[in-house]
1. Rank-order A:367-380, A:89-102 by packing density, defined as the average count of other C-beta atoms within 10 Å over each peptide's residues, highest first.
2. With only Lys, Arg, Asp and Glu charged, each at its Cβ (+1 for the first two, -1 for the last two), find how big the charge dipole of region B:144-287 is about the Cα centre; round to the nearest 20 debye.
3. How high is the FRET efficiency between B:I78 and B:K280 when r is their beta carbon distance and R₀ equals 56 Å, given to the nearest 0.05?
4. Which order do peptides B:113-120, A:176-183, A:230-237 fall in by mean Cβ count within 10 Å, highest first?
5. What is the dipole size for region B:86-156, taken about its Cα centre, with +1 at each Lys and Arg Cβ and -1 at each Asp and Glu Cβ, in debye to the nearest 20?
6. Please name which of B:P338, B:V262, B:L71 has its Cα lying farthest along the dipole of the protein assembly as shown towards the positive end, using unit charges on Cβ (Lys, Arg +1; Asp, Glu -1) and the Cα centre as origin.
7. Among bridges DSSP assigns within region B:113-216, what percent are antiparallel (round to 5)?
8. Give me the distance between the Cα centres of region B:130-175 and region A:437-514, rounded to whole Å.
Amino acid sequence: MSTATTHAAEHPAEHYPGGLMRWLTTTNHKDIGTMYLTFSLIMFFVGGLMILAVRAELFQPGLQLMQPEFFNQLIGVHALVMIFAALMPAATGFANWMLPLMIGAPDMALPRLNNWGFWLLPPAAILLTLPFTLALFGIGDGAIATGWTFYAPLSVQGGMGVDFAILAVHILGISSIMGSINIIVTIFNMRAPGMTMMKLPLFAWGWLITAFLLIATLPVLAGAVTMLLTDRHFGTHFFDAAGGGDPILFQHLFWFFGHPEVYILLLPVWGLMPHVLSTFSRKPAYGYKAQVYSFIAIGLLSVMVWAHHFFTAGMPVPALIYFMFSTMAISLPLAVLFFCWIATMWKGAMTFETPMLFAVGFIVLFGIAGLTGLILADVAADAQYHHSYFVVAHFHYALFAGGIMGVMTGVYYWLPKWTGHMYSEKLGKLHFWLTVISFNLTFLPQFFLGLAGMPRRIPDYALQFAEFNAISTLGAFILGLSQLLFAWNIWCCVRGGQKVDNQVWEGAEGLEWELSSPPPHHSWEIQPVIK
Amino acid sequence: MASCTLETQTARNADVNLVAWLLRSLFPPSALLLPGAASAAYSFNFPEPVTPIARETLHIHNEFMLIITVLFVVVFAIMIYSMIKHRKSSGHAPATFAGPTGALQWFWALVPFAILLFIDFVLMGIPAVKAIINMEDTQTKADMVLKVTGMQWKWQYEYPEAGVKFISTLATPRDQISNAEAKGEHYLLEVDKPVVLPVGKKVRVLLTSTDVIHTWWVPQFGVKRDAIPGFLRETWVLIEKPGIYRGQCAELCGKDHGFMPVVVHAVPEPEYLAWVETQKAEAKAVAGGAERTWSKDELLVEGKAVYEKVCAACHQPDGKGLPPAFPALAGSKVVNGPLLDMNGKVIKDSHVDRVMHGKAGTAMQAFSASLSDVELAAVITYERNSFGNQMGDMIQPAQIKSLR
């Protein structure tokens, strides 16, 4: 112990190149985590600007700002950016920063792979958005205009934006798979002595299942888009009936990835929730084992339900019934999680700092996503909901209220640990209330639009949809603008502010809170022993 | 049962009116440049169902909405109670339990799941399975067949038994879409030629597509089914009430996805039969047109009409197209190339070949399937002699007929 201390004293922990080279060459999990989170925040605003342009177009009936071709490009790239470049990197950023701190490891197991995994992201993001710029110079006809789902044969027909998107998805997929391998290897091999799998923090469990899902499903997506690429350029007919192919085959392959993807986005957040709830309820997380088994059950079920994304494509009655019931079955493990979250709060001593507000907001709004998901599983009712704004509202409750508000919970919860400073609680609360109110103002009317019969992905609509669309657009702009508060709060917190101690939150427990805030550049060089 | 439905209907209308009034005072129609009548039309639930499936779907939907609302309220009432009672500021000391302890707690932990299991697989599951079986039963006692073909960006309808076939496209003028003109009552939900179906008959609907996937959807029928190129899918409708029912394509199918509405006129059977007769007579007249020789001026007039209905969405009314996806016809090498070879046969990749057989992998479809001899001859002649193209030649409907 004493030798190790002297050793550390002789080599000051922070020796790395300065300036840009530090970030290009870093293999430090904290630096890489910071880069992931920064990239994610930037792309969150890029994707947000795209959809604000869409909402502005939809403010009134008639075409005001853009032509349908451009509208179709914006909706698809918005989704791809938000999913692959905002939400997924945010979760990976959390994992990089927090996993080693939480499991008592000195770093991620594969640091160079980690660096490469991050630096693949910016080129992929450029590939995805470059066609917009190229089109301004008269090259090509813009970005992918098929929606984020790439459905063949529309994507076979599309311009070079589709090729750009295919290659971008390949690169993003490689990055995610490398990140996942790193996380699995780290969790399996680098836990502090005495930390058995059933003592692993729930956040690590959530990410472990995520990582396995990524490795299981991303190759299928990669295969599907590669088949698309060869259909487009090399004369194959995977998705062309005239050559013996089948357009619906693409949907099966796509959603075999696409449905687990929803849980890939949500599992890290579900892992995070018990930590936050337990901290601010000053009470241990309820039902640790039940939550772990639920994560595993959801992971397994998620790869067995994909066809509920295209019930209207037509399939045999037994298949319809199977996919309906298997989808409904997911509600059971999910209900376990809700039960555990609320039971964690029950009889605690709660305070409502910003992370707790976001956690509670997450539970309520994600509850709406879960319940509407349950009725969407019903094949007969789905015939009305499918392809309508009802579905758009449903998955934004899942992915904005569930995904993005979950990430915000984590950011507010860990930001003081990362920076050593307290963010502005006042701004944080203002950000929360503005976000929650404007989010509902944006998406609640979309449920009614869908029920009334408005299809999704249309640039112009019939007059009976006008009022709800106007309200939704108003909400979207408030929602977008209030995120500037979030960025401003983070910026100020990084720059300075009230110093925090190791513990940060009164009720916080776990290894990460034993380190200083901010933690040293190299932490847990000597692993703690868990009893 | 009927009176009960009526009551809910009235209660719902009362709600709707209140919110509608609120909305209208917040967003006065004048501010949105809309006719006042249209803003009263929106609703908070499905539109009035007119088929057995739609009625069943609405019923299931209302039931499920009730179930999930109760779940939502109960669960979050418990949470909010806890948030009020178990606060640090109210001096509540935290408990230390981390799981159920004792038989009673286990019981309360398991009860919600038993309830959910029952809701999923019995309360919701059984009516859902019944609805699926009913919805997919397209063939039992079907009275007639309607074949629907999706095309970018229009629908073709065919009545195989009656031998009637036509294309139905958006009738809303482009000026309304670009806001140069006030929008009509059925903005974007009106077509030049609606489908006509008899009420009280079970219609088996077969769906396919010529290019990409489209989805045929009429909300009041409770039916939505994909039209997939190279495959047949099916569904059925039995309309119970005469009327005009409007819907839209529901699957993103390219640039004019938002502009391919479905309009169905449901009429009593005698009226339907009379309509079929007029359609047959019209078709005969058109077929007869292919036999005679047309003058160039006649072809140009007819060609302009066909062009504006079928071609202008992509190639634009001025023939300049939207390159690179939709090439210009003005000055195009293909259009300004030779018409036919010396034996009067189609030259590969020539103008006639493109129009009749399309171009694989693009939005340019094979129009020989959907346009008549006269329409094909007219539109080809028109394109060769418009937008600054001065080929001066023409092709006769009879020639097209022999080239098929």
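1. Most protected by this proxy first, the peptides run A:89-102, A:367-380.
2. 280 debye
3. E between B:I78 and B:K280, to the nearest 0.05, is 0.25.
4. Ranking the peptides B:113-120, A:176-183, A:230-237 by packing returns A:176-183, B:113-120, A:230-237.
5. Charge dipole of region B:86-156: 320 debye, to the nearest 20.
6. About the Cα centre, the residue reaching furthest to the positive side is B:L71.
7. Antiparallel: roughly 60 percent of the beta bridges in region B:113-216.
8. Here the answer is 42 Å between Cα centres.
Any read-out appearing in this document is the output of simple, stated calculations on the displayed coordinates, not a laboratory observation. Just so it is clear, the model here is predicted, and its values are computed rather than measured. Here the Cβ is made from the backbone with ideal geometry for all residues, glycine too, and neighbour counts use every protein chain on show.
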